[in-house]
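The values are calculated or read from the model by the stated rules, or taken from the named source; none is laboratory data. These figures come from a predicted structure and were not determined experimentally. So basically every Cβ, Gly included, is an ideal-geometry build from the backbone, and we count neighbours across all protein chains shown.
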Amino acid sequence: MIMFSEMIDELISNIKYNRDILYAFSKNNPNLLYKKLIELASFTGSRHHVTLQLHFPDPKKIKDIDSYGTENISVVIEKFRKKFTIPKENIVRKAIDFLGDNVQIQDAYMYEGKEGLRIIKQNGRIEILPGSIHLWCKVDQNLKNYLDWLMQNMYNPNTGGIST
């Protein structure tokens, strides 16, 4: 079973191991830097049978090596799944349990029979779809715990999720 926290810790470890190369690329060739980051995320995701992606909505962040693996991350588990495998109310309740009651939770991506949730936090947002998670915020321990819960309860083989 996939644990988000283990996967992200592994990604960060791979990034730290390649830090010197990444730093050199950041000074000389941002295109090679981006290519190497895609490679590291892809390698880490493949070990966990998911597609792991790093995003850079602010192009200046590409040179912020210390932020890699801590924000703007997507985990695609089953791209074409349209329905949550557990009641949406459980996902919402656990979001509040783990992230606090100061988050706003909205329905999102509700078209063509799809389900989705958007959780708006003070420092960004989280988009939860039946087959993927998109983090547009910093990943802290509370968020890791919530995403571990999601991986165990929504994306595991016993709930119709992936098998590893």
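Of the conditions (1) in a loop (DSSP other than H, G, I, E, B); (2) over 25 Å from Arg125 (Cα atoms), Glu39 clears all except one; give me its number.
Evaluating Glu39 over (1) in a loop (DSSP other than H, G, I, E, B); (2) over 25 Å from Arg125 (Cα atoms) leaves (1) as the failure.
Identify, from the list Trp149, Trp136, the residue that is in contact (Cβ under 8 Å) with a residue 60 or more places away in the chain, aromatic (Phe, Trp, Tyr) and surrounded by 16 or more Cβ atoms within 10 Å (Cβ to Cβ).
Testing whether each residue is in contact (Cβ under 8 Å) with a residue 60 or more places away in the chain, aromatic (Phe, Trp, Tyr) and surrounded by 16 or more Cβ atoms within 10 Å (Cβ to Cβ) leaves just Trp136.
Output the residues belonging to the stretch 98-113 that are surrounded by 15 or more Cβ atoms within 10 Å (Cβ to Cβ) and in a loop (DSSP other than H, G, I, E, B).
Val103, Ala108, Tyr109
Among Pro59, Pro30, which is farther than 16 Å from His134 by Cα, at pLDDT below 95 and in contact with a helix residue (DSSP H, G or I) (Cβ under 7 Å, 6 or more places away or on another chain)?
Details: Pro59 fails: in contact with a helix residue (DSSP H, G or I) (Cβ under 7 Å, 6 or more places away or on another chain).
Pro30 is the lone residue from the list that is farther than 16 Å from His134 by Cα, at pLDDT below 95 and in contact with a helix residue (DSSP H, G or I) (Cβ under 7 Å, 6 or more places away or on another chain).
Gln141 is checked against (1) in contact with a helix residue (DSSP H, G or I) (Cβ under 9 Å, 6 or more places away or on another chain); (2) at pLDDT below 95 and fails just one. What number does that condition carry?
Tallying (1) in contact with a helix residue (DSSP H, G or I) (Cβ under 9 Å, 6 or more places away or on another chain); (2) at pLDDT below 95, Gln141 fails exactly one: (2).
I'm trying to understand the selection: among the residues of the stretch 64-97, which are of a type outside the set (Val, Ile, Thr), in a strand (DSSP E or B) and within 12 Å of Leu129 (Cβ to Cβ)?
Hit for the stretch 64-97 is Ser74, nothing else.
Name the residue that is nearest to Met3 (Cα to Cα), counting only residues in the stretch 48-71 that are more than 15 Å from the chain's Cα centre (by Cα) and surrounded by 14 or more Cβ atoms within 10 Å (Cβ to Cβ).
Filtering first and then ranking leaves Ile65.
So Ser5 fits all but one of (1) among the hydroxyl-bearing types (Ser, Thr, Tyr); (2) under 20 Å from Tyr146 (Cβ atoms); (3) outside any helix (DSSP H, G or I); what number is the exception?
Among (1) among the hydroxyl-bearing types (Ser, Thr, Tyr); (2) under 20 Å from Tyr146 (Cβ atoms); (3) outside any helix (DSSP H, G or I), Ser5 violates only (3).
Scanning for something closer than 25 Å to Met154 by Cβ, in contact (Cβ under 8 Å) with a residue 60 or more places away in the chain, in contact with a Lys or Arg (Cβ under 6 Å, 6 or more places away or on another chain) and acidic (Asp, Glu), does the stretch 73-85 turn up at least one residue?
Within the stretch 73-85, not a single residue is closer than 25 Å to Met154 by Cβ, in contact (Cβ under 8 Å) with a residue 60 or more places away in the chain, in contact with a Lys or Arg (Cβ under 6 Å, 6 or more places away or on another chain) and acidic (Asp, Glu).
Checking Gln141 against (1) free of Cβ contacts under 8 Å to residues at least 24 places away in the same chain; (2) farther than 13 Å from Phe4 by Cβ, which test does it fail?
If we test Gln141 against (1) free of Cβ contacts under 8 Å to residues at least 24 places away in the same chain; (2) farther than 13 Å from Phe4 by Cβ, just (2) comes out false.
Regarding Gly45, is this residue in a helix (DSSP H, G or I) and either of a type in the set (A, V, I, L, M) or within 17 Å of the chain's Cα centre (by Cα) (or both)?
yes
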